[in-house]
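Everything on this sheet refers to the single structure shown next.
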Amino acid sequence: MNVPKIQQTRLFQPGRIGCIDIANRIVMAPLTRCRADEAAGDVPGSDINVEYYRQRSGAGLIVSEGTQVSPRGKGYMATPGIYSDAQVEGWKAITHAVHQAGSKMLAQIWHVGRISHPELTGGLQPFAPSALAPEGVVAYTHQGKRDIPVPLAMSAEQIAEVVGEFRRAAANAMRAGFDGVEIHGANGYLIDQFLRDGTNRRDDAYGGSVAARCRFALEIVDAVVAEIGAARVGIRLSPLTPFNAISDSHPQATFEHLIEQLDRRGVAFIHMIEGATGGSRDLPGFDYAAARKSFRGAYIANNGYDRTLAIDAVESGRADAVAFGRAFLANPDLPSRLRRGAPLNQPDPQSFYTPGPAGYTDYPALDLDEQAAEA
Ligand code: PHB
């Protein structure tokens with residue numbers, strides 16, 4: 001696409017998501033980095049955690065890595081939580097640095113459901129809508145790779161308890177200085193497990209019909225909205241992803257209903273993983289453009305966008321903003337590089353989940369002198 005006046009391109013212009021003013025329409029997608037202080041109780045906010053997010057504050061909006069709403073909601077080593085006071089204090093250091101640098105930040109509130117193991121949850125049996133283990137998915141624990149056990153099919157009381165955990169997480173996010181929350185409804189984790197008929201075989205009010213499978217997600221949305229207001233709440237969805245052994249016989253019907261209900265509730269945004277998470281965008285079975293038209297809040301597009309696709313998506317009105325994951329991981333100054341059409345650093349998968357600064361805070365930004373010369 002030919003874009004002569006790059007500074008006037010909408011991708012780089014200010015915008016608004018719900019009640020949150022953003023300096024540009026480039027979003028940092030949530031990225032699991034496994035660098036919280038596990039010994040201290042899954043606490044974020046170390047110097048390198050703060051530095052990592054501060055470096056990426058050129059984004060109009062940052063969505064935090066998934067942060068579990070309770071110990072049972074954890075599925076990977078050293079992911080941060082948002083249920084204890086120590087965790088809230090840790091997040092405060094991060095949100096403060098991001099705000100000082102001129103960006104906005106949401107907490108991605110997360111429960112992994114069956115994608116876990118008792119070695120990660122402090123001995124608790126993972127929850128799921130139905131007692132079905134994910135085929136071909138393993139858990140990574142301090143004792144090594146583990147087969148994932150059959151999860152506990154949640155009782156109505158346990159469902160209410162988890163809804164309450166999401167509500168508490170949203171309250172904690174506001175205490176921690178976040179601008180709002182993104183509910184993690186994607187990628188085969190607990191909420192997605194309820195949405196799909198492949199993982200939800202319940203015959204009570206939370207399973208069976210499309211409306212029943214959407215009930216858990218919508219109860220969480222309602223609880224979070226009651227706590228912090230719809231203008232600060234969005235949800236991440238992935239209608240077609242096969243990630244984490246999720247499957248659905250009719251995703252168009254499931255997500256059409258869910259999005260209609262989200263629209264009625266006036267939530268601020270949908271963050272859409274288009275296609276297979278981290279893979280092909282071109283899977284048949286869901287009409288993203290129709291979803292975008294049926295929803296009055298902001299549409300954040302994600303998955304495999306490059307500069308040209310992102311500029312085009314926002315310019316054409318197909319999306320209000322575009323989220324970048326791995327590109328942001330490897331390029332702390334991604335918005336500046338996109339503006340200039342500069343080359344990008346490539347991400348190193350070997351260091352995605354390893355402790356310490358290597359592959360975390362040491363990806364180089366463009367040389368400042370070089371930037372000044374180009375400007
Ligand atoms: C991951 O840790 O690989 C991961 C976590 C959350 C997602 C996707 C991937 O939504």
Quick one: residue 3 ticks every box in (1) closer than 26 Å to residue 191 by Cβ; (2) modelled with pLDDT under 95 bar one, so which box is it?
(1)
The condition from (1) part of a helix (DSSP H, G or I); (2) buried (at least 22 other Cβ atoms within 10 Å of the Cβ) that residue 300 misses is numbered (1)
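Each row is one residue, and each column tells you yes or no for (1) among the acidic types (Asp, Glu); (2) within 16 Å of the ligand (Cβ to nearest atom); (3) out of contact with any Phe, Trp or Tyr (no Cβ under 6 Å at 6 or more places or on another chain).
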residue: 185; (1), (2), (3): no, yes, yes
residue: 188; (1), (2), (3): no, yes, no
residue: 194; (1), (2), (3): no, yes, no
residue: 204; (1), (2), (3): yes, no, yes
residue: 210; (1), (2), (3): no, no, yes
residue: 221; (1), (2), (3): no, no, yes
residue: 225; (1), (2), (3): no, no, yes
residue: 229; (1), (2), (3): no, no, yes
residue: 244; (1), (2), (3): no, yes, yes
Matching residues, the range 140-178, being aromatic (Phe, Trp, Tyr) and either closer than 17 Å to residue 223 by Cα or without any contact (Cβ under 8 Å) to a residue 24 or more places away in the chain (or both)
166
Restricting to the range 89-124, name every residue that is outside any loop (DSSP other than H, G, I, E, B) and either under 17 Å from the mean Cα position of the chain (by Cα) or surrounded by 24 or more Cβ atoms within 10 Å (Cβ to Cβ) (or both).
90, 91, 94, 95, 98, 104, 105, 106, 107, 108, 109, 110
Of everything in the range 334-352, what is under 20 Å from the mean Cα position of the chain (by Cα) and buried (at least 22 other Cβ atoms within 10 Å of the Cβ)? Give them in sequence order.
334, 335
For residue 360: the one exception among (1) touching a residue at least 40 places away in the same chain (Cβ under 8 Å); (2) part of a loop (DSSP other than H, G, I, E, B); (3) farther than 22 Å from residue 62 by Cβ; (4) not acidic (Asp, Glu)
(3)
Listed by first then second residue, the pairs whose first member lies in the range 216-245 and is in contact (Cβ under 8 Å) with a residue 24 or more places away in the chain, whose partner is hydroxyl-bearing (Ser, Thr, Tyr) and within 14 Å of the ligand (Cβ to nearest atom), with beta carbons under 9 Å and at least 6 positions apart or on separate chains, are 238/277; 241/277; 242/277; 243/277; 244/189; 244/277
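The values are calculated or read from the model by the stated rules, or taken from the named source; none is laboratory data. Computed from a predicted model, the values in this text were never measured in an experiment. Here Cβ is always computed from backbone atoms with ideal geometry, including for glycine, and neighbour counts include all displayed protein chains.
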